[in-house]
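Read-outs throughout are calculated quantities, based only on the coordinates presented, and are distinct from any laboratory measurement. This is a predicted model, so every value here is computed, not measured. With ideal geometry, Cβ positions are generated from the backbone for all residues, glycine too; neighbour counts draw on all protein chains shown.
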Amino acid sequence: MTIEHILFDISDALRYPVLLLALVALVVVLAEVGTLLAELRRRRGRGVARLERAADVARDALAAGDGAGALRAVRSVGFNPAMDDALAAIVEQREKPDAANRIAKRLAEYDYRSVRRLERTRILVRMGPALGLMGTLIPLSPALAGLAAGDVQRLTDDLRVAFSVTVAGLLVGAVAYAVSLVRNRLYDQDYSDVEYMSVALAAAAAPPPAAAHVHAPPQEAIVP
């Protein structure tokens, strides 16, 4: 068996797995579009004024010793479970030893979770066109064989499959790219909100600066 035959057999064996993966990728990217629309809906009404009001309420609650009220206030500006956890950690960790490093670590973990969430569609940006290209080239070999044998029906069927997979792959890549761009902006805004809340509550926890004790200069003795 020559190398050409081995490669041909491998390519032929990949035909249906590639078609199945292209179909799965199309379903996944459509599901991601639906998830993105839900995320956009949850963020209706977001803004700096709302964030500042929540920070003020949380500061007042912490000043009054109401930790539960502070948690409710910060979570009111959370738009997903990861953001809720990060905001809650700002309140829960601030009274513990080495609070600054604890909070910074949780903010970093929140950033990692956001990046991991973005990886789904970023992979599809490359995988979609790759599957489309593979799905185009694999059926061309049997199509050309059908053409050589005069089997026009086989040629037509294989070309239809090839072009259909190409369209599906390009659609997956284009939609996944658009979803990734929008999500990247949303998650950057979310992280900015979490950072603002962290700084606002850290400032609330900082003790006021001690007043400097001014020593009055000694008065010179008045010699009569």
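I'd like to check something: does the range 55-76 contain any residue that is more than 16 Å from the chain's Cα centre (by Cα), within 13 Å of residue 191 (Cβ to Cβ) and buried (at least 17 other Cβ atoms within 10 Å of the Cβ)? No, the conditions are met nowhere in the range 55-76.
Among the residues of the range 1-14, those that are in a helix (DSSP H, G or I) and either under 29 Å from residue 69 (Cβ atoms) or not charged (D, E, K, R) (or both) comprise 3, 5, 6, 7, 8, 10, 11, 13. Contact map, the range 103-132: residues that are without any contact (Cβ under 8 Å) to a residue 60 or more places away in the chain and more than 20 Å from residue 30 (Cα to Cα) paired with residues that are among the hydrophobic types (A, V, I, L, M, F, W, C) and in a helix (DSSP H, G or I), Cβ distance under 8 Å, separation 6+ or inter-chain. Pairs shown: 106/86; 106/89; 106/90; 109/86; 113/82. Here residue 45 meets each of (1) over 30 Å from residue 187 (Cα atoms); (2) of a type in the set (Gly, Ala, Ser); (3) loosely packed, with under 14 Cβ neighbours inside 10 Å with one exception, condition (1).
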